[in-house]
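Bear in mind these aren't lab numbers, they're just calculated from the coordinates by the rules spelled out. In this text the structure is predicted, and so the values were computed from the model without any measurement. So basically every Cβ, Gly included, is an ideal-geometry build from the backbone, and we count neighbours across all protein chains shown.
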Amino acid sequence: QVQLVESGGGLVQAGGSLRLSCEASRSSFSINGMGWYRQAPGNQRELVTTITSGGTLTHSDSVKGRFTILRDSAKNTIYLQMNRLKPEDTAVYYCYADVRGVRVWGQGTQVTVSS
């Protein structure tokens, strides 16, 4: 079973940048899509960005032009580069991987953006 470990969250001022990492516990040719969701207090979990095994990207409108997803297959890792952060980006960020039709989730990492 693939496990995902996230890192890189923290506190940052508005306008700043953070980079989140999500490493899969082992290489798996069965990993298809990967990506990031986030959940703010009192809100539902929402999609942030995804990347398919073929490299196709999707982004939510709220982060388009500010966030970038990167995938390093050699390191079994995806990254979320977040620039020009806003207070409304404050949330717990979760990475996921689709493995043989099953979605596996990371433990989540807190991102807090102060105004």
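How many residues are under 18 Å from TYR93 (Cα atoms) and either touching an Asp or Glu at 6+ places or on another chain (Cβ under 6 Å) or of a type outside the set (A, V, I, L, M, F, W, C) (or both) if we restrict to the stretch 66-78? Show your work before the answer.
Looking only at the stretch 66-78, we keep the residues that are under 18 Å from TYR93 (Cα atoms), and these are 66-71, 77-78.
Applying the additional criterion that residues be either touching an Asp or Glu at 6+ places or on another chain (Cβ under 6 Å) or of a type outside the set (A, V, I, L, M, F, W, C) (or both) yields 66, 68, 71, 77.
Counting residues in the stretch 66-78 that are under 18 Å from TYR93 (Cα atoms) and either touching an Asp or Glu at 6+ places or on another chain (Cβ under 6 Å) or of a type outside the set (A, V, I, L, M, F, W, C) (or both) gives 4.
Could you check the stretch 29-82 and list, in sequence order, the residues that are among the polar types (S, T, N, Q), within 17 Å of THR112 (Cβ to Cβ) and in contact with a strand residue (DSSP E or B) (Cβ under 7 Å, 6 or more places away or on another chain)?
Residue satisfying the conditions is GLN39 alone.
Identify the residue in the stretch 48-57 that is in a strand (DSSP E or B) and touching a Gly at 6+ places or on another chain (Cβ under 8 Å) and, among all such residues, is surrounded by the fewest Cβ atoms within 10 Å (Cβ to Cβ).
Kept after step one, since they are in a strand (DSSP E or B), are these residues of the stretch 48-57: 48-51, 57.
So of that shortlist, the ones also touching a Gly at 6+ places or on another chain (Cβ under 8 Å) come out as 48-51.
Values: VAL48: 24, THR49: 21, THR50: 19, ILE51: 17.
This residue is ILE51.
Taking ASP72 as meeting all but one of (1) among the charged types (D, E, K, R); (2) free of Cβ contacts under 8 Å to residues at least 12 places away in the same chain; (3) buried (at least 16 other Cβ atoms within 10 Å of the Cβ), write down the number of the exception.
Against the list (1) among the charged types (D, E, K, R); (2) free of Cβ contacts under 8 Å to residues at least 12 places away in the same chain; (3) buried (at least 16 other Cβ atoms within 10 Å of the Cβ), ASP72 comes up short only on (3).
Mind checking which residues of the stretch 69-115 are charged (D, E, K, R) and within 16 Å of PRO41 (Cα to Cα)?
Let us first name the residues in the stretch 69-115 that are charged (D, E, K, R), namely 71-72, 75, 84, 86, 88-89, 98, 100, 103.
Of everything in the stretch 69-115, those that are charged (D, E, K, R) and within 16 Å of PRO41 (Cα to Cα) turn out to be LYS86, GLU88, ASP89.
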